[in-house]
Structures are given as C-alpha cells and as structure tokens.
1. Here are the criteria: (1) in contact with a strand residue (DSSP E or B) (Cβ under 6 Å, 6 or more places away or on another chain); (2) modelled with pLDDT under 90. Tell me which single one GLY162 does not satisfy.
2. Consider only pairs whose beta carbons are under 9 Å apart and that are at least six residues apart or on different chains; among these, list those whose first residue lies in the range 113-131 and is within 21 Å of TYR94 (Cα to Cα) and whose second residue is of a type in the set (Asp, Glu) and surrounded by fewer than 17 Cβ atoms within 10 Å (Cβ to Cβ).
3. Looking at the range 167-197, which of the residues that are of a type in the set (D, E, K, R) and at pLDDT 90 or above is nearest to ligand 2 (Cβ to nearest atom)?
4. Among the listed residues GLY270, GLY266, GLY286, GLY274, which satisfies the condition of being outside the structural domain of TYR429 (by TED's automatic domain parsing), modelled with pLDDT under 90 and not in a loop (DSSP other than H, G, I, E, B)?
5. Looking at (1) away from ligand 1 (no atom under 11 Å from the Cβ); (2) surrounded by fewer than 21 Cβ atoms within 10 Å (Cβ to Cβ); (3) not in a loop (DSSP other than H, G, I, E, B), can you tell me which one ASN89 breaks?
6. What's the number of the condition VAL223 fails, among (1) β-branched (Val, Ile, Thr); (2) within 18 Å of the chain's Cα centre (by Cα); (3) at pLDDT 90 or above?
7. Looking at the range 231-259, which of its residues are within 18 Å of VAL308 (Cβ to Cβ) and not in a strand (DSSP E or B)?
8. So how many residues does the range 1-19 have that are aliphatic (A, V, I, L, M) and under 15 Å from GLU90 (Cα atoms)?
Amino acid sequence: MISFQKLGLEPTLLQAISDLGFKQPSEIQQKVIPMLLTETTDLVALAQTGTGKTAAFGFPLLQSIDARSRSVQGLILTPTRELCLQISNELRLYAKYVKGLKIVSVYGGASISEQAKTIRSGAQIAVATPGRLKDMIERKLLDISKIEYCILDEADEMLNMGFYDDIMNILSYTPKNKLTWLFSATMPSEVEAIARKFMMNPAQITVGARNTGIDTVRHEYYVVGGRDRYEALKRLADANPGIFSVVFCRTKRDTQKVAEKLIGDGYNAGALHGDLSQNQRDLVMGAFRKNQIQLLVATDVAARGIDVDDITHVINYQLPDEIETYTHRSGRTGRAGKSGVSMVIITRSEHGKIKRIEKKINQKFEEKPIPSGLEICEIQLYHLANRIKNTEIDEAITGFLPAIADVLEGLDRNELIKKIFTVEFSRYYSYYQKKRELNSGSVKSGAGDYSSNGDSVRFFINLGERDGFDWKSLKDFLKKKLNLERDDLYKVDVKDSFSFFNTDSAFSGQVVESLASFKLDGRTIKVEISNAPGSGRRSKGQKGRKRNYDASGPKKRSRGKSKKSGRPKNKQKKGFY
Ligand code: ADP
Ligand code: MG
C-alpha cells in the first residue's frame, strides 16, 4: 500500500491531507503526484470522474508555487462556474497550512471588480472559466503572460461546451516555457489537437478504462417504425411535462422541419442550425436560456456552443453518423451535478448502432417502450393537479371572483374539479384515444412483448424533483426504504412533484406496506398502483439485460485508438459504426 508520505509531499501538505481524512492516494494521484514533483514535463492524464484528479494536480501545484511572490503563477481552466468554485474550495483546504497562499476564482455572473481586487491583492493561483477569463485578459485585469503552470481540467467537457476557440485564444497569452497539465475523462480529437498544438512531448498517464460518458446521464432507446419518429418524439415530450431539451437531427432540413411541426402542434419549440443568421440564432438561444423554448431542435454543429446547465433530456431524433458525436450530444445533459437522460429514437434496423455506442461509451442503454396514450394522460393529469396545488394565488384575480362565482354557481367542489380536469385532460385524451400505440416491439423479444407480461407493477409516488430527487437518488432511496435489491426496482421516472417506478408484482404488497404511514419532513408520502394500463410492463429479455447493466464487473476497454487509426484514412469518418 502506497501512502501519501511516500509521494514526496511537504509536511504542510501532508498535514492538510491528514485533516481531510484522506487515507491513501487514489491511483491517478499515485501516478501523477510523484511525476509532477520530480519531472519538468507537460502531462496528459486521463481518468474517470470522481477519481481524485483535483488533488492529483493540486498538491504538486501547491508545492511548486512560490507563496512569497504576489503574482499569478498557476492557472486552472475549468468548464463551469460550479467546478470553478468546487476546485477553488478544494485547493483552499489543501493549502490550509501554506502561509500566504491566495486563490482567486474567476467566473461569470459575479462581480468582475471583486475578482480583480483579489488578483491585485496577490493571488498566486487563478481558477477560471474560459469566458470570464478571456474577458479579464482583454480588460487587462489579469496578466497570464508569466504563469509557470497551466492546468486544463475536464478538457473534454470544456471542448464539449464549445470553448475550443476561447481556450486557443487564452493559451496564446501564456508564455512558451510554462508547463501544461491536461486532465480529462476522454480523449476526443479536439483534445488531441490542443495537446499537439500547445504541449511539448507530454507524458501520458491513463488510469482504468477511459470513460467516454458521464454517469450522471442515463441512456435510453425507443424502437419505432420509421414513419413514427415524429409521433414518438411528441410522446416523449408529452410524457415529461417539465422537459427542457435539445432534440438533435442529422440535417439542417430535418431540424427546420421538425421544429416547424412541433410549433404547429403547439409546443414551445425552436430551431437552431447553420442556415439561420447569427441574429436569429441569438434570439433562439436567448429564448432557450430563459426557458421560453422547451424543445430546442438543433444540428450537431449549431449545438456545439450550448452552455445551458439545466437541460433535462437530450433527444436523438436520429442517431449521428459518428459515435463521437453521440458523446457530445448526451453531454449536453447531466451537467453541474444534476442527472439527465439521453433518449434515442431508432428503427429496428438501427439496433446494431446502439450496441456499438454502448461499447464506445462503456455504458448500457435501457430499452424502453414509447409511453402509451393513457400513461401520458395520467402523467399530464398528475402534473396539472400539482401545478394547481403549488400555484401562488395572484391577488389581482379577486376583483373578478364575483363574476366567475356567478357563472360557476351550483357546482359543488367535486363537480368543479372534474370539470376543470376535463378541460385539460380531454385535450390529451381525445388526441391519444385516436392514436394507435407506437411500439414496434422490443428488438430482443419480439413485438408486443411489453404489455403481454403481467408480472410487473407500476407505482405512483408523490415525491419528485421538487423534493430533491432524481431517478438515481430516488432509486437508492426506495431500495433502502423498501428493502429491495437494485434490480427489483426499475423504470424509475422522476417528474416535477411525483414519480413512477416499477417492481415485480411479488413485491407490491411490500411496497404498499413499507410506505403505508411514511412521512418525509412531516409530509405524508403516498404510494399507489398506477392505473395506466400497459404501463411499465417489461419483457423477460429486458430483465436479463438490466442485470447486466447493474452488475459492476470489470469494465471493458473501449475500442482502442490503434484500431481506429489503423483504418485507411478516407474510411475513418464513415465506417464508424
Ligand atoms: P475528479 O476531478 O477526478 O472527478 P475530484 O478531485 O473532484 O475527482 O475528487 C472527488 C472526491 O474525492 C472529492 O470529494 C475529494 O475530496 C475526494 N478525494 C480525492 N482524493 C481522495 C483520497 N485520496 N482519499 C479520499 N478522498 C479523496
Ligand atoms: Mg475534476
């Protein structure tokens, strides 16, 4: 067992480590820390999220910096404000006993003059997001022309967010003789390009299998007939009332067409593609940021710069040509500590592509049925009920009350509720009543399998995002509360103020009993069997697959680079799948 004492760190840093309760260096720390302490080298380090990369560069940086000097010597570039703050705070803990050391956090949305003041007061390390940093450099509030260490943290994510040009620009202000340490979970070609252009013979350290996706994103696919794509998209949107989503299409033409159809059908949708003027694109992005657009239909190229944190779903209306692109797409959601869902609409013949993406991203997809019309109606009803309940009354309405009361006179409470809901419900009900169901059936187990199997029960529970849950944490919560295994709970769908989940029918008594008089923060928690027929049935095939998904055995290595680059050049692009 390697201890922190053996890595070559100073006593002040070791003391902080002991205060933090870190017992043993993680693998990436064991490899990176001694190297950066003893060698003057550029470095590319690849390791999954949560492996302790901050400490891997943080400690060597702190040990190398001259805390008596009052100038910025180390620059850490990071994709988001959240990460910027997180890293700053973490470094401050590491530097607890380093006298005179100051760290400045440089990010947008906060006072630029305050940040400039901290820099002037003698900060030696700047942790920055690219946008604000560029701004500060241009306004001459921060001089990075004499830095000695430049760290690119979460490099793939920064490029994913469209910061390529900004990073290039920022790096051009840094001196040639600095050291550059790049940390990333994956190595897409853009990261390689940065490494080639700005680094000198970087050492390479890879720990574990490279993960290509972030595990805060759940991947789902839906098999439909080729002509049902649009109808399927609508259902996915309807089944997720609070959806805030980017819908990816392959071509500009499809992007425009799908957006127009959605708008025609009454959705808050917008199109983003290269045939629009910059002005039009700014308008659409502005509306999206303000949540006025719920479904942003976009091409891959146009969506590159999207830096919106709260995207709940990414919908792949069509799969991209290249697998790498899928990673970029799904990375739009599950950001800043939130979880997200990446949904793919495919036809039966595209199933092989899903398999290849799974291999590449080292994560399993869940095959799900397109929600039935009745399930959608049920979801919309609960959503409406909750919206009514949680709406703050606008007192301006008081003046109109007598007139309204006059019209509604003679209706009792029950009748009134029924009528209000009919107004809303009929819209969905009459629409979906006329529609045939879409599932072209599970790829594995044949058509119609979802509803033929009655051994699964779908539950409704009045806990949702509002209570701080996402599908992952709710699953964990229920698992513990109900004393079930991971595998016994599935199809956990978290909505705004309620959720659905499935168990095998054998557990249904247990579910109802365990939660019978349960209270969370004083609120009674209700769990009921959901009435939507056909909801939540799962096929045998799915069950087996699910097991695979949860078994956390050794991760398969994603397809090696060597194989890819071994292909003839002209085939590299197309023959990806
Ligand atoms: P990454 O950047 O690789 O995603 P972080 O640097 O954010 O990971 O570290 C993840 C968490 O692990 C942090 O809360 C950090 O404090 C903790 N951590 C880092 N190194 C160790 C260690 N050697 N022992 C215990 N916890 C650690
Ligand atoms: Mg990190």
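The values are calculated or read from the model by the stated rules, or taken from the named source; none is laboratory data. What you see is a predicted model, and the numbers here were worked out from it, not measured in a lab. Ideal geometry is used to build each Cβ from the backbone, glycine not excepted, and the neighbour counts take in all protein chains shown.
1. (1)
2. So the pair list comes out as ILE119/ASP143; GLN124/ASP66.
3. Per the stated criteria, the residue is LYS178.
4. GLY286
5. (1) is the only condition that ASN89 fails.
6. (2)
7. Result: ALA237, ASN240, GLY242, ILE243, PHE244, THR255, ALA259.
8. 4
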